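Notes for the one structure printed next.
Just so it is clear, none of the values below were taken in a lab; they were calculated from the coordinates. It should be emphasised that the depicted structure is a prediction, and the values quoted were computed from it without experimental measurement. Reconstructed Cβ throughout: ideal geometry from the backbone, glycine too, with neighbour counts over all protein chains shown.
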Amino acid sequence: MPTALSTDLYELTMAAGYFDAGMERAATFELSVRGLPPARGYLVAAGIEPALAYLEELRFTAPEIEYLRRLPELRRVPARFFDDYLHAFRFTGDVWAMEEGEPVFPDEPLLRVTAPLIEAQLVETALLSIVLFQTSVASRASRMVRAAAGRPVYEFGARRAHGPEAGVLAARAAFVGGCSGTSDVEAGFVYGLALAGTMAHSWVMSHDTETEAFVRFVDMYGDRTVLLIDTYDSERAVDRIAAARLAPFGVRIDSGDLVAESRRVRARLDASGLEATKIFASGDLDERRIAQLVERQAPIDIFGVGTALSTSSDAPALGGVYKLVEVERAGTARPVVKLSPGKGTYPGVKQVWRVADRGKATRDIVARSDEPPPRHGRPLLDQVMRRGRRVRPAPTIERMRARALEAVEELPAEVLRLDGPADYRVAVSDGLLRLTGDLQRRMHAVAG
């Protein structure tokens, strides 16, 4: 769990500045992604529930406050900011968010925070890091699961993740995106994910014979055993399994030409009466390699994916933003807009509507929250937190995964293509366009 210090220094300097100026006004910030990574047609929202857990538990401890007090950058901050405000700090705001597993597109708010200005500002860094990393991993997992065409995909990337904590969160996000489980034991413990694992080549190499290594493993783990068979020669390994009268749940191939190797191994297994033994493939897989294996009808039953998932190697960082869209002035909520070239924002509190026709999504509409819903539109942002507490229990992670699998299939087929996906239509409502134009003209007039 991130702490109160899981933030950038400028969030604290602004917070202290707001406090000193008496700026306790309400503000609304929205978290969104500016653009899709290359070759991706959609994203899958993830990390929402961990973000809410962070907000509920957010506190400044006494040692953290003392550390901040000693920072040279904060030496001119009034003592009451540390002694009174940070000591009693709690998040008391309201949050609206998409459901984890929901497909999401650029410039659509995944999450909206309305809170006293200092609170809403302080949580920016943590919310971005929690939501964007898990959204990136869940999105790639979705592509891999679709490429596997019904075959289970397991996340195997803990050793390649950017630290053990990232490994656990990547496993969670991969499951939300559609994976069947993980090799990360801590993720299994924390989130109740199904675990999968076999053995390393070192297990086989540490025994006098390959047969001895296999027999000892099967004696220990019985019908749940998956044997790694490519340490020396995969086909000979199958012969040794059959000769020892072993019947493992599966065998794993981790190297070589997986199409040719899996075909030879499948033939050898079937000829030995091991038709029920499954073939598990791993080794630098990603969605394109999985798709090629499926297209070439490689007899692989289960895929294990490591680096490509836990690091989201094709798009390790999403261009996400957390922008002020409304702030209270003179007791009235006022929409605000950013006009920076290439980084402009739409003002005001928003809702995202997904419009469907006969069970298929046709377009999304980003609108002002007070506009009437479009025909056949489904709102994507629901209130999930009120006055700093969740309004309902968190959905199960199985529910999130099911939502992702269902909702992604509602998207147009051309948007789901692995290569050259079509752009999904995201429209901006007339009301939001009018508001944006009015504010732009007003700001230009003031500037002029």
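Just a few scattered comments:
- Percent antiparallel among DSSP beta bridges (both partners in the chain, rounded to 5): 70
- In the chain, a dipole from Cβ-located charges (positive for Lys and Arg, negative for Asp and Glu) runs towards its positive end, and of A194, V327, G101 it is V327 whose Cα lies farthest in that direction.
- Partners for K343 among lysines (Cα-Cα distance below 23 Å; same-chain residues under 8 apart left out): K323
- Charge-dipole axis of the stretch 233-304 as Lys and Arg at +1 and Asp and Glu at -1 on Cβ define it, positive-most pick from P299, A237, L258: A237
- Working note: Cα gyration tensor of the chain, eigenvalues times five, square-rooted, sorted largest first, giving semi-axes of 48, 27, 16 Å.
- For the stretch 341-448, the Cβ-based charge dipole about the Cα centre amounts to some 580 debye (Lys, Arg positive; Asp, Glu negative; other atoms uncharged).
- Added length on full extension, which subtracts the Cα-Cα distance from 0.36 nm per residue, Q297 to H376: 24.4 nm
- For the chain, the relative contact order is 22 percent, taking Cα pairs closer than 8 Å that sit 6 or more residues apart in sequence and dividing their mean separation by the residue count.
- Each of T61, V77, T28 was scored by the projection of its Cα onto the charge dipole of the stretch 1-134, and the greatest displacement toward the positive side belongs to V77; charges sit on the C-beta of Lys, Arg, Asp and Glu.
- Result for the chain in a Gaussian network model with C-alpha springs under 10 Å: among V95, V294, V176, the largest mean-square fluctuation is at V294.
- Kyte-Doolittle mean at least -0.5 and Cα axial length at least 15 Å: DSSP H helices in the chain: 9-21, 124-147, 164-176, 210-221, 258-271, 397-409, 430-447
- Cut-off 12 Å between beta-carbons: net charge of the residues surrounding T311, Lys and Arg +1, Asp and Glu -1: 0
- Dividing the alpha-carbon radius of gyration of the stretch 138-310 by the rule-of-thumb value 2.2 N^0.38 Å gives 1.01.
- Restricting the calculation to alpha carbons of the stretch 288-375 gives Rg and Dmax of 21.5, 68 angstrom.
- Projected onto planes of every orientation and averaged, the convex hull of the alpha-carbon atoms in the stretch 289-448 covers 14.5 nm².
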